[in-house]
1. Do we have any residue at all in region A:61-76 that's surrounded by 14 or more Cβ atoms within 10 Å (Cβ to Cβ), within 30 Å of A:Val206 (Cβ to Cβ), more than 14 Å from chain B (Cβ to nearest Cβ) and touching a Phe, Trp or Tyr at 6+ places or on another chain (Cβ under 8 Å)?
2. Can you find even one residue in region B:112-129 that is basic (Lys, Arg) and in contact (Cβ under 8 Å) with a residue 60 or more places away in the chain?
3. Residues that are surrounded by fewer than 20 Cβ atoms within 10 Å (Cβ to Cβ) and in contact with a strand residue (DSSP E or B) (Cβ under 9 Å, 6 or more places away or on another chain): find the strands (runs of 3 or more DSSP E) completely inside region B:1-59 holding 3 or more of those.
4. Within region A:111-137, count every residue that is of a type outside the set (A, V, I, L, M, F, W, C) and not in a helix (DSSP H, G or I).
5. Taking A:Lys5 as meeting all but one of (1) at negative phi; (2) without any contact (Cβ under 8 Å) to a residue 60 or more places away in the chain, write down the number of the exception.
6. What about B:Gly108, is it within 14 Å of chain A (Cβ to nearest Cβ), touching a residue at least 12 places away in the same chain (Cβ under 8 Å) and crowded, with 23+ Cβ neighbours inside 10 Å?
7. Looking for whichever is surrounded by 18 or more Cβ atoms within 10 Å (Cβ to Cβ), assigned by TED's automatic domain parsing to the domain that holds A:Val21 and at pLDDT below 95 here; the options are A:Ala133, A:Ala143. Which one fits?
8. Somewhere in region B:103-113, is a residue under 21 Å from the mean Cα position of the chain (by Cα), of a type outside the set (Phe, Trp, Tyr) and closer than 30 Å to A:Val210 by Cα?
2 protein chains.
Amino acid sequence: MKGIKVFAPATVANVSCGYDVLGFAVNTPGDEVVMHLNDSGEVSLDVIEGDEGRLPRDPAKNTVSAVVINYLNHLGIKQGVSIALYKKMPFGSGLGSSSASAVAGLVGINELMGKPLTQEQLLPFAMEGERLACGNAHADNVAPALLGGLVLIRSYNPLDVVKLPVPAGLACALVYPHVEIPTKEARQILRTHVPLQDAVTQWGNVAGLVAGFCTNNLDLISRSMQDVIIEPVRAMLIPCFSEMRQLAMEQKALGFGISGSGPSVFSLCSNLDVARNVTAALTAKLSEAGIDSTAYVSEINLQGPQVKHLQPALSKQHP
Amino acid sequence: MKGIKVFAPATVANVSCGYDVLGFAVNTPGDEVVMHLNDSGEVSLDVIEGDEGRLPRDPAKNTVSAVVINYLNHLGIKQGVSIALYKKMPFGSGLGSSSASAVAGLVGINELMGKPLTQEQLLPFAMEGERLACGNAHADNVAPALLGGLVLIRSYNPLDVVKLPVPAGLACALVYPHVEIPTKEARQILRTHVPLQDAVTQWGNVAGLVAGFCTNNLDLISRSMQDVIIEPVRAMLIPCFSEMRQLAMEQKALGFGISGSGPSVFSLCSNLDVARNVTAALTAKLSEAGIDSTAYVSEINLQGPQVKHLQPALSKQHP
C-alpha cells in the first residue's frame with residue numbers, strides 16, 4: 001500500500017528577544033519519518049532509529065505516532081499505519097526535536113489521506129504533540145517546522161500565525177553542547193513577573209527584530225537581538241555562554257542567543273561562511289572546556305517539510 | 001534679521017501595544033513657532049497664543065524656548081532670538097503638545113543657524129524638552145514629530161530610532177475629550193512589574209503591528225492593536241472608553257487605543273472617510289455623556305515639520 005517519506009526541519013524558537021512568539025526553520029538537521037498505510041486498523045511505531053533507545057515505544061506516548069492517532073481520530077478515519085522514525089537530530093537539545101517528529105508525522109499522514117487539511121490546519125495537532133512531549137502546547141517550534149521560514153505566533157488565543165519575510169542568504173550557525181536541559185525545567189526557572197521597564201526594552205527589541213526582517217536590514221536585526229528577560233536566567237544553565245557570545249560576535253555574527261530553551265545556541269549570520277567561522281570558534285571553545293558538541297550550518301529553511309511519495313500517489317494529489 | 005515659521009505636528013505615542021517604543025505623526029493638529037534672530041544676545045519668549053495663559057512665560061521654563069537655549073549653549077553660540085509660540089492644539093491632551101512645541105523650536109533655530117545639526121541630532125535636545133515638560137525624557141512623541149511618519153524607539157540606551165514604512169493612505173481619527181490627565185500621574189498608576197505571560201502577549205502584538213506596517217497588511221495591523229498591559233489601567237481615567245472602542249470598531253476602524261497617556265483616543269483607519277465616521281460617532285457619544293470634545297482627522301504625517309523662511313535664507317541652505 002501507499003508509502004511516504006517526510007523530512008521535517010529543526011527549528012530555533014524564541015530567536016533571542018522573541019520568547020514564545022518567534023521561531024525559524026533551518027535546512028539541517030531534521031527528522032525523517034517513513035510511513036506506510038496497511039490494513040491493521042492500528043497506528044504502529046515499528047522502527048525508531050537514532051534515539052539511543054530513549055524515546056517511548058508506545059504509539060500513544062511517542063509524539064510522532066500520537067499526533068497521527070489524534071489526526072485520524074479527529075477526522076473519524078480508521079486506518080492502519082506503520083511508522084518508522086529516523087531521528088537525525090539530538091533531542092532535549094533546544095532544536096525542536098519533538099516538533100520535527102510531530103510535523104513529519106502529520107504531514108506524512110495528511111499527504112497519504114489526500115490532503116484533507118491544509119498545512120495551517122495541521123498546526124493545532126502538532127501543538128498537541130508539543131504538549132505531550134514537553135508539557136506545553138507552544139507553537140514557536142512546530143509552526144516554523146510546518147510552514148518553513150520565520151514565523152511569528154502573534155497570538156495563541158485565537159491562534160494567529162504569520163510568516164515573516166527572511167532576508168536572502170541569511171544563515172544560521174547552531175551549536176549543541178552535549179549537556180541536557182529539559183524544556184520543563186528551563187521554563188520553571190523563569191520568573192512569573194518581570195519589571196515593566198524590562199518588558200518595554202524587550203518589545204522594543206522584538207519590534208526592531210521584526211522590522212529588520214521585514215525591511216531586509218541586517219544591521220537592525222543585529223542591534224535588536226538582545227534578550228533582557230529570558231536569556232539572563234537561562235544562560236546560567238549553558239556552559240561557556242558568555243564566552244561563546246563574545247566569540248560569535250568577534251566572528252561577525254549578527255547576533256547570538258539560546259535556541260529554544262537550550263542548551264543549543266544559535267547565531268544568525270549574513271552568509272554561510274560567517275556561520276562556519278562561528279561554529280568553528282564555538283565548538284573549539286567548548287572542546288577546551290571539555291564539552292563535546294555538535295555543530296550545524298545552514299541557510300534558513302524557507303519551504304518547510306519535504307515530502308517524497310514512495311508509491312504512486314493519489315491522482316488528486318498529482319493531477 | 002532672519003526669521004522663520006515652523007509647523008510641527010501632533011503625535012500619537014504608544015500606538016496601542018507599543019508603549020514607550022512606537023509613535024506616529026499626524027497632519028493636523030500641530031503647533032506653530034515663529035522665530036526671529038536679533039542682537040539682544042538673549043532668547044526671549046515674546047508671544048504665546050492659544051494656551052489660555054497656562055504655559056510658563058519664563059524662557060527657561062517653557063519647552064519651546066528652553067530647548068532653543070539648550071541648543072545654543074550646546075553649540076557655544078551666543079545669539080539673540082525672539083520666539084512666538086502659537087499653540088494650535090490642546091495640551092495635557094495626550095497628543096504630544098510639548099513635543100510639537102519643542103520640535104518646532106529646535107527645527108526653527110537649527111534652520112536659522114544654517115543646519116549645523118541633522119534632524120536626528122536634534123532628537124536628544126527635544127527629549128530634554130520632554131523631561132522639562134513632563135518629567136521623563138521619552139522619545140515616542142518627539143521622534144515622530146521631528147522625523148515624521150511612524151517611528152520605533154528600539155532602544156533608549158543607546159538611543160536607536162528607526163523609521164518604519166507606513167501603508168499608503170492610512171488615516172488617523174483623534175478625539176480629545178475635554179478632561180485632563182497629567183502624564184506624570186498617568187505613568188504613576190502603572191504597575192512596576194507585569195506578568196511574564198502578559199508581556200509575551202504584548203510583544204507578540206507589537207511584533208504583529210510592526211510586521212503589519214512593514215508588509216502593508218491592514219488586517220494584521222488590526223488584529224495586533226491590542227494592549228493588555230497599559231490600556232487596562234489607563235482606560236479607567238478616560239470617560240466612555242469601552243463604549244468609544246466599540247463604536248470605533250463598528251465604524252470599521254482598524255484599531256482603537258489611548259493616544260499617549262490620554263485622555264485623547266485614536267483610531268487607525270484604512271482611509272479618511274472611515275476616520276471621519278469614527279470621530280463623528282465618538283464625539284456624539286461623549287456629547288451624550290455631557291463631555292465636550294475636539295476631533296481631528298488626517299492621514300499619517302510623513303514629512304515631519306514644515307519650515308517657511310520669512311526672510312531671504314543663507315545661500316548655503318538654498319544654493
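The values are calculated or read from the model by the stated rules, or taken from the named source; none is laboratory data. For clarity, every value in this text was computed on a predicted model and none was experimentally measured. Here Cβ is always computed from backbone atoms with ideal geometry, including for glycine, and neighbour counts include all displayed protein chains.
1. yes
2. Scanning region B:112-129, I find at least one residue that is basic (Lys, Arg) and in contact (Cβ under 8 Å) with a residue 60 or more places away in the chain, so the answer is yes.
3. In region B:1-59, the matching strands (runs of 3 or more DSSP E) lie at B:22-38, B:43-49.
4. The number of residues fulfilling the criteria is 6.
5. (2)
6. no
7. The match here is A:Ala133.
8. So far as region B:103-113 goes, yes, one or more of its residues are under 21 Å from the mean Cα position of the chain (by Cα), of a type outside the set (Phe, Trp, Tyr) and closer than 30 Å to A:Val210 by Cα.
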